[in-house]
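Computed from the coordinates by the stated procedures, all read-outs in this text should not be read as laboratory data. This structure is a prediction, so every number in the text was calculated from the model and none was measured. All Cβ positions, glycine included, derive from the backbone under ideal geometry; neighbour counts span all protein chains shown.
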Amino acid sequence: MPSQLTFKGIQSIQPGTLFTLLIDSYQRLLMEDRQNAEKYVQQWHETDSISFTNPDTIGKYVVVSFIENEPIGFITYDPRNFPEYGIIGQNCIIPEYKGNGYGTQQLEYVLSLFSQAGCTSARVSTGSIDFFKPAQKMYQNAGFKLVDQKVNEIWGHPELFYEKIL
C-alpha cells in the first residue's frame with residue numbers, strides 16, 4: 001500500500017523546486033513531443049517563478065505533496081470561479097513514485113477543498129498525446145467526464161476538457 005502523502009504550501013520548498021518536479025515528472029513528454037520541448041520548459045520556469053513571486057495569490061493555490069520530508073509532486077488549482085466551479089491545473093508526480101495512486105491522492109485533496117468551498121463542479125484539461133493517457137484515465141476513474149476537445153494553439157495537438165459534478 002502506498003504511503004499517505006502530506007500536503008503543504010510552497011513556503012515549505014525553495015524556489016526552483018516546482019520547476020525541478022515538472023522537469024522530472026515530464027521528462028518522457030519532452031522526448032515524445034520534441035517540437036514543443038522548449039515551450040514546455042519555458043512554461044515550467046514561469047510556473048515556478050510566478051508561484052514564488054506571488055505567494056499570496058497564485059502561490060497560495062499550489063499544493064506540494066511530500067512523503068516524509070521529500071517533495072514528490074504537486075497540484076495547482078484556480079479558485080477564481082468558486083463556487084460555480086474550480087479549475088485543476090498542474091498535477092504531477094515524479095517518475096519513481098508514479099503508479100502508486102499519489103496523483104489521485106493529490107486530486108482528491110483538491111476536490112475536497114473545492115467541496116469545502118461549496119463548488120458544484122471541478123474542471124480540468126489534459127493533453128491528448130500518448131504521454132497524457134494515464135492522466136486521462138485517472139480523471140475518468142475519478143468521475144470526470146469528457147466535455148470538449150479543441151486544438152491547443154500553443155502545442156498544436158488537441159487538448160481534452162473534463163468536468164466532474166461535485
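Its alpha carbons give region 6-165 an Rg and a Dmax of 15.0, 41 Å. In plain terms, the residue of D130, D78 with the fewest other Cβ atoms within 10 Å comes first and the most crowded comes last, giving D130, D78.
Toward the positive end of the charge dipole of the chain, with +1 on the Cβ of Lys and Arg and -1 on the Cβ of Asp and Glu, the farthest Cα among A117, A37, T17 is that of A117. Within the same chain, aspartates and glutamates fewer than 8 places from K150 are excluded, and of the rest, those with a Cα less than 14 Å from its Cα are E159. As a rough footprinting exposure proxy, the listed residues M31, M138 were ranked by other beta carbons within 10 Å of their own, and the order from fewest upward is M31, M138.
Computed from point charges on the beta carbon alone (+1 for Lys and Arg, -1 for Asp and Glu), the dipole magnitude for the chain about its Cα centre is near 320 Debye. Bridgeable lysines around K8 (alpha carbons under 20 Å apart, same-chain partners fewer than 8 residues away excluded): K60, K98.
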